[in-house]
Amino acid sequence: MSRHNLHPKAEIADVISVTIGWDRPLQTFFAQVFFRTEAEAEEGEPLIWHGTAPGELPTAEAAIAIVAPFADIPTDLAERLTTEMRTTIGVKDSDHQATAKRRIFGSIH
């Protein structure tokens with residue numbers, strides 16, 4: 001799994017953090033935007049969270065499009081994410097991961 005914490009845009013005060021990355025076991029990119037809430041004023045709550053289902057976000061660009069309104073996007077981010085995804089090609093699930101996938105999703109994608 002890769003994970004990049006991005007700088008929230010200064011003009012959006014309620015955004016605490018923005019995270020994007022590649023989840024190899026689910027074979028998807030993911031995007032999270034944490035907002036300040038009354039219940040979670042310091043850490044925030046992930047009110048935007050995509051990439052929790054197998055193959056949900058198949059490209060780095062799809063994940064970047066979700067977080068772009070909320071964070072400053074490095075110019076090389078799509079390339080870095082795609083490289084991180086490609087380095088996992090051929091990596092096999094462990095027995096525990098495969099068992100968990102069968103239970104949760106009915107297959108081992």
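The values are calculated or read from the model by the stated rules, or taken from the named source; none is laboratory data. All figures in this text were calculated on a predicted structure; none of them were measured in a lab. Because the Cβ atoms are built from the backbone with ideal geometry, glycine has one as well, and the counts that use them run over all protein chains shown.
Tell me, yes or no, whether the stretch 30-47 has at least one residue that is hydroxyl-bearing (Ser, Thr, Tyr) and within 18 Å of residue 82 (Cα to Cα). Within the stretch 30-47, not a single residue is hydroxyl-bearing (Ser, Thr, Tyr) and within 18 Å of residue 82 (Cα to Cα). In contact (Cβ under 8 Å) with a residue 40 or more places away in the chain and in contact with a helix residue (DSSP H, G or I) (Cβ under 7 Å, 6 or more places away or on another chain): is that true of residue 64 in this structure? Taking the combined requirement at face value, the residue satisfies it. Of all residues in the stretch 23-61, which are in contact with a Ser or Thr (Cβ under 6 Å, 6 or more places away or on another chain) and of a type outside the set (A, V, I, L, M)? Scanning the stretch 23-61 gives 24, 32, 34, 45, 51, 55, 56. Right, residue 39: in contact with a strand residue (DSSP E or B) (Cβ under 9 Å, 6 or more places away or on another chain) and in contact (Cβ under 8 Å) with a residue 60 or more places away in the chain or not? The answer is no for residue 39. Is it the case that the stretch 40-52 has a residue that's closer than 29 Å to residue 99 by Cα and in contact with a His (Cβ under 9 Å, 6 or more places away or on another chain)? The answer is no, given that none of the residues of the stretch 40-52 is closer than 29 Å to residue 99 by Cα and in contact with a His (Cβ under 9 Å, 6 or more places away or on another chain).
Is it fair to say residue 39 is exposed (fewer than 13 other Cβ atoms within 10 Å of the Cβ), aliphatic (A, V, I, L, M) and more than 16 Å from residue 2 (Cα to Cα)? Judged against the criteria, residue 39 is a match.
One line per residue, one yes/no per condition, for (1) out of contact with any Phe, Trp or Tyr (no Cβ under 6 Å at 6 or more places or on another chain); (2) modelled with pLDDT under 90:
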| site | (1), (2) |
| --- | --- |
| 14 | no, no |
| 20 | yes, no |
| 24 | yes, no |
| 66 | yes, no |
| 80 | yes, no |
| 85 | no, no |
| 92 | yes, yes |
| 101 | yes, yes |
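Residues that are more than 16 Å from residue 65 (Cα to Cα), among the charged types (D, E, K, R) and touching a residue at least 12 places away in the same chain (Cβ under 8 Å) were ranked within the stretch 4-34; the one that is surrounded by the most Cβ atoms within 10 Å (Cβ to Cβ) is 23.
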